[in-house]
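Some notes on the structure that comes next.
The values are calculated or read from the model by the stated rules, or taken from the named source; none is laboratory data. Model, not experiment: these values are computed from the prediction. In this analysis, Cβ positions are derived from the backbone assuming ideal geometry, glycine residues included, and neighbour counts consider all displayed protein chains. Areas reflect the complete protein model, heavy atoms only, side chains present, ligands, DNA and RNA absent. Shrake-Rupley method; radii C 1.70, N 1.55, O 1.52, S 1.80 Å.
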Amino acid sequence: MKPSEQRRALDCAVKAARAAGKIMRANLSSSKTVSSSTQHDIKLELDVRCQKLIENSLRTPFPDVALLGEEGVAGEAGAAQRWVVDPIDGTVNFTYGIPHACVSIALQERSADPKSAGFKDGYETLAGVVYDPFCDELWTAIRGGSARLNGKVIHVSKRKKLDEAIVSIGFAKSYESLRSTLPYFNKLVHRVRKIRMMGAAALALTYVATGRFDAYIERGIRLWDIAAGGLIVECAGGEFWRESIPGEHAYRMIASNSLLRRALRVPV
Ligand code: LIP
């Protein structure tokens, strides 16, 4: 995709993220319609409504770009380009009125060399937007450029020592992820300054990109939670390691300022 088109795509994604964010802000404290739930996960009617709004905002100006979202797909599977959307990342937080949730939108392109592509189905991320409507914080990045927070260039932290690091961990939704992450957590908590578990992967990634966290680790996370935030970490000078695991668009990952990478490993 030409750079001018990538720029136009980013501007559209920012508008769509702000529009969905407005709905989230207006509904934070209201009672929400739960469409389904399990012990560790909740799906809201608002998740679907926000994804529909984002889909319409993106597919009108870019009819040939498909969309893969947490709440469903649109357009041609296998298209040359696709949007990867998490309309409300941190849905459980949002359901409980906890103002730590965001909109995540990535633009991906099918890589010429699928093997070297960043994700198991041969796509790589060209542009990313993460919007926190409660703090009015907008992160953006285009591959090859700088990462920005509300327009200002950001960088990952320079902390090299694990005992000075703040590391964020996510416990995904499955029993398997809990089973493998708990022993890892028990070991790591003694080696770092603090562990933070905030419940929104895309914000954990942008906090690494902004130097607020020094690393973020999760096993069993989905493509739509990490596609945009992962690029923003890379464009802020960090490292975004991921490996696909069994499950729909499922990964285990570690994002860091790259200086702590060796000291940290990912739950198997
Ligand atoms: C959430 C992630 C979080 C993870 C949760 C869930 P959702 O995404 O942001 O990191 O621990 O299990 O996957 O479901 O709110 O979009």
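General observations
- ³J(HN,Hα), Karplus 6.51/-1.76/1.60, whole Hz, each residue of segment 4-9, x for Gly, Pro: 5, 5, 4, 5, 5, 5
- Per-atom-type breakdown for segment 80-215 gives carbon and sulfur 54% of the accessible area (1.4 Å probe, protein chains only).
- Cα gyration tensor shape for the chain, rounded if a/c is under 1.5, else prolate or oblate: rounded
- Taken over segment 1-119, the ratio of Cα radius of gyration to 2.2 N^0.38 Å equals 1.13.
- Net length gained if the chain between GLU164 and CYS135 were fully extended (0.36 nm per residue, minus Cα distance): 7.8 nm
- Shown are MET24, MET197, whose ranking by accessible area with a 1.4 Å probe and every protein chain present, most to least, is MET197, MET24.
- Residue-level accessible surface for HIS155, protein heavy atoms, 1.4 Å, Å²: 120
- Mean Cα-pair separation over length for the chain, i.e. relative contact order, pairs under 8 Å, 6 or more apart, %: 16
- Sorting 50-58, 220-228 by average packing, meaning the other beta carbons within 10 Å per residue, from highest down gives 220-228, 50-58.
- Estimated [θ] at 222 nm from DSSP helical runs (n ≥ 4, -39500 (n - 2.57)) normalised by residues in the chain, nearest 500: -9500 deg cm²/dmol
- Per-residue HN-Hα couplings for segment 203-209 [Karplus 6.51, -1.76, 1.60; θ = phi - 60°; Hz; x = Gly/Pro]: 6, 4, 5, 5, 6, 5, 4
- Cα lying deepest toward the dipole's positive end in the chain, options ALA255, ALA165, ILE142, charges on Cβ: ALA165
- At full extension, LYS152 and SER36 could sit 37.9 nm farther apart than now, given 0.36 nm per residue minus the alpha carbon distance.
- Backbone phi angles across segment 104-119, fed through the Karplus curve with coefficients 6.51, -1.76 and 1.60 (θ = phi - 60°), yield HN-Hα couplings of 10, 10, 10, 10, 10, 10, 5, 6, 5, 10, x, 4, 8, 5, x, 10 Hz in residue order; Gly and Pro are listed as x.
- The lysines whose alpha-carbon is closer than 28 Å to the alpha-carbon of LYS2, local same-chain residues fewer than 8 away aside, are LYS15, LYS52, LYS115, LYS120, LYS152.
- The length gained on full extension between GLU176 and LYS52, counted as 0.36 nm times the residue separation minus their Cα-Cα distance, comes to 41.5 nm.
- By a 1.4 Å probe calculation restricted to protein chains, ARG193 has an accessible surface near 150 Å², given to the nearest 10.
- Near the amide H of TYR123, within less than 5 Å, lie the amide hydrogens of SER111, all on another chain or at least 5 residues away, with H placed in the peptide plane.
- Pair-distance profile P(r), taking every C-alpha pair of segment 124-237, with 5 angstrom steps and integer %: 2, 12, 22, 22, 19, 13, 8, 2, 0
- Counting heavy atoms of the protein chains alone, VAL92 has an accessible area of about 60 Å² for a 1.4 Å probe.
- Nearby lysines by direct alpha-carbon distance to LYS173 (threshold 19 angstrom, same-chain neighbours under 8 apart not counted): LYS43
- Across LEU67, LEU28, the residue with the most accessible area heads the list, and the full order at a 1.4 Å probe is LEU28, LEU67.
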